[in-house]
């Protein structure tokens, strides 16, 4: 056998060393201590320096004092050092340089100021005056959502039986409103099953902040604030909002005695469940609209240059619909102790206006029959929100204004006219009914929830709410009477029998729309008309405010003064217009009588329809107009084929016995 080469000898030596050394290293490691915890990112010396210097130049607003372990909910200002404005413009800026920092977006929102809201304070004291024996329970219930941090700190740590307005006024945490941890510390357990201010915070794990990102850098939040960030997808679930945005109250009679019944004061979360946006359908959560997602890659915390940008990022503007209160609080922010600046309020007001005008309701105005004793105009309102519109607190309402002028500019019809004091001309003192057809100026279509007491009389005292007298608020698309949550989201009043309300042309539910038919008396006029339709939103109607403002408490008096000085103008949501619509009268001897016959099928998918006349009735002429008032068919045959375009057509049939008029739908 040949002797080994030099290369072979070197390889043998390396193998021998590897076999001998590796076991020795393993044996040595077995005797060394093993540390399972990660070392702190910052040393104790660094943390001490940070606390002493407060990092004034780089962490501008941060307060680096470890939150006492007895405090379950730190204030939002504690979080602002990393999640507020970054002077270096690295963190919380979009790729185009727009500042989207969480703290500034939040602090001028209705949620941030829910405990400072002067209307809320006044209304709580109003309820206390009416039912003084229930004062403690009323205050405790109201603070559970408007001051959740202070409320649950008092309940979970101090075990206080009540958390009252006086407690809120002296509590920095209570005054923080719906702050960061009020949402980010809610447990994923019982998600969506809670209501009326019952929020689930796991007291054994409450010092966590649930977030939407799986990978994050935890040491700063751990060491400076004492909170552990945890990934959990429930932070983007609509159920997170259910605890406060479903409120069911215990009904009382005029003497304050409980009736044993309940009243649904608001059920925004349940309205979402009864829509096409819920999890089983489009799965567009509350956060999907009220915290719009940016696809930019955004660094979500300041002061750490190496952080990985996150996407998508949910804006914390939390825009709703209450522009009136935002303007009022902006004007009185110093008296109310609000820390947000005017520029922050301006941003929130702009976002709220976008929400109202771009994501709420679409209007479509079209003509009906224009020849006769009246001219008909049909207005469709399509709800684009994921819940009823308006939703939330029942004072909120929307109404339709329709103004018709002749070619000289004279007003010939005006429904929904607003008076100088922001009341509506012709509105009933009690309950204005829902209308399918409006043919008088003192009829106004108001979309609202109207509470009634045990005697069936309109009330603004929520604890006296016993039944709904009316609920014709626009339903969300996909809304159905057969839905399991319909018991908390009912349609009440005339809207329930209105076949144009939440129905498609084929009669099925779920359109999320309403058609209002305006019949304008012609009074012999021949010429052109201009028609303007507007939808207005009002969060603090005088009719709702009057009972409370007739009383006096320090809170009511303060709010009355602020309201009288505030801009109370309603918000224009949408508008539609028809110009130069030609109308002319029809001689009075002609009879519009469907008993002479009918037109079928209606609706039609093929476009083919047939005029069905009663015996002894003879056809003379047929004319068909489209929704724009254009004549599209004319003849004297019983069988007619409509144009190919789907939509609404108006058919007029002249006979030897009179005139038949009928609206026909062509659908796909």
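Of all residues in segment 274-300, those that are touching a strand residue (DSSP E or B) at 6+ places or on another chain (Cβ under 6 Å) and part of a loop (DSSP other than H, G, I, E, B) total 2. For residue 338, the conditions (1) surrounded by 18 or more Cβ atoms within 10 Å (Cβ to Cβ); (2) part of a helix (DSSP H, G or I) all hold with the exception of (2). Look through segment 493-537, keep the residues that are touching a helix residue (DSSP H, G or I) at 6+ places or on another chain (Cβ under 8 Å) and in a strand (DSSP E or B), and return whichever of them is farthest from residue 573 (Cα to Cα). Checked segment 493-537; the qualifying residue farthest from residue 573 (Cα to Cα) is 514.
Annotation: of all residues in segment 571-599 being exposed (fewer than 12 other Cβ atoms within 10 Å of the Cβ) and over 30 Å from residue 353 (Cβ atoms), the one that is modelled with the highest pLDDT is 580.
Can you say whether residue 271 is more than 29 Å from residue 480 (Cα to Cα), modelled with pLDDT of 95 or more and either part of a helix (DSSP H, G or I) or not assigned by TED's automatic domain parsing to the domain that holds residue 139 (or both), as far as the supplied structure shows? When the stated conditions are applied, residue 271 does not pass them. Do we have residue 305 as surrounded by fewer than 18 Cβ atoms within 10 Å (Cβ to Cβ) and in contact (Cβ under 8 Å) with a residue 60 or more places away in the chain here? When the stated conditions are applied, residue 305 passes them. Is it the case that some residue within segment 516-533 is within 22 Å of the chain's Cα centre (by Cα) and on the phi < 0 side of the Ramachandran plot? No, every residue in segment 516-533 fails to be within 22 Å of the chain's Cα centre (by Cα) and on the phi < 0 side of the Ramachandran plot.
When residue 424 is tested against (1) without any contact (Cβ under 8 Å) to a residue 60 or more places away in the chain; (2) under 17 Å from residue 533 (Cβ atoms); (3) surrounded by fewer than 21 Cβ atoms within 10 Å (Cβ to Cβ), just one condition goes unmet, and that condition is (3). Candidates 217, 224: the one that is more than 21 Å from the chain's Cα centre (by Cα), modelled with pLDDT under 95, in a helix (DSSP H, G or I) and closer than 24 Å to residue 102 by Cβ is 224. When 408, 395, 391 are checked against the criterion of being in the same structural domain as residue 475 (by TED's automatic domain parsing) and out of contact with any helix residue (DSSP H, G or I) (no Cβ under 9 Å at 6 or more places or on another chain), 408 stands alone in meeting it. Look through 446, 467 and report the one residue that is more than 20 Å from the chain's Cα centre (by Cα) and at pLDDT 95 or above. The match here is 467.
Regarding residue 485, is this residue closer than 22 Å to residue 249 by Cα, assigned by TED's automatic domain parsing to the domain that holds residue 418 and at pLDDT 95 or above? Criteria met by residue 485. If you go through segment 610-636 one residue at a time, how many are touching a strand residue (DSSP E or B) at 6+ places or on another chain (Cβ under 9 Å), farther than 13 Å from residue 651 by Cα and part of a loop (DSSP other than H, G, I, E, B)? Going through segment 610-636 one residue at a time, the tally reaches 4. Report the residue count in segment 104-124 for those that are outside any loop (DSSP other than H, G, I, E, B) and closer than 17 Å to residue 175 by Cβ. The qualifying residues number 8. Scanning for something in contact (Cβ under 8 Å) with a residue 40 or more places away in the chain, buried (at least 19 other Cβ atoms within 10 Å of the Cβ) and over 21 Å from residue 372 (Cβ atoms), does segment 619-632 turn up at least one residue? Scanning segment 619-632 turns up no residue that is in contact (Cβ under 8 Å) with a residue 40 or more places away in the chain, buried (at least 19 other Cβ atoms within 10 Å of the Cβ) and over 21 Å from residue 372 (Cβ atoms). Across segment 347-368, the number of residues qualifying as in contact with a helix residue (DSSP H, G or I) (Cβ under 8 Å, 6 or more places away or on another chain) and over 13 Å from residue 537 (Cα atoms) comes to 4. Candidates in segment 272-302 are the residues that are more than 30 Å from residue 90 (Cα to Cα) and touching a helix residue (DSSP H, G or I) at 6+ places or on another chain (Cβ under 7 Å); of these, the one that is surrounded by the most Cβ atoms within 10 Å (Cβ to Cβ) is 272. Within segment 442-463, at least one residue is in the same structural domain as residue 383 (by TED's automatic domain parsing), buried (at least 21 other Cβ atoms within 10 Å of the Cβ) and in a helix (DSSP H, G or I). All of (1) surrounded by 14 or more Cβ atoms within 10 Å (Cβ to Cβ); (2) free of Cβ contacts under 8 Å to residues at least 40 places away in the same chain; (3) out of contact with any strand residue (DSSP E or B) (no Cβ under 6 Å at 6 or more places or on another chain) hold for residue 262 with one exception: (3).
The values are calculated or read from the model by the stated rules, or taken from the named source; none is laboratory data. None of the values given here were measured: they were computed from a predicted structure. Every residue, glycine among them, receives a Cβ derived from its backbone with ideal geometry; neighbour counts consider all protein chains shown.
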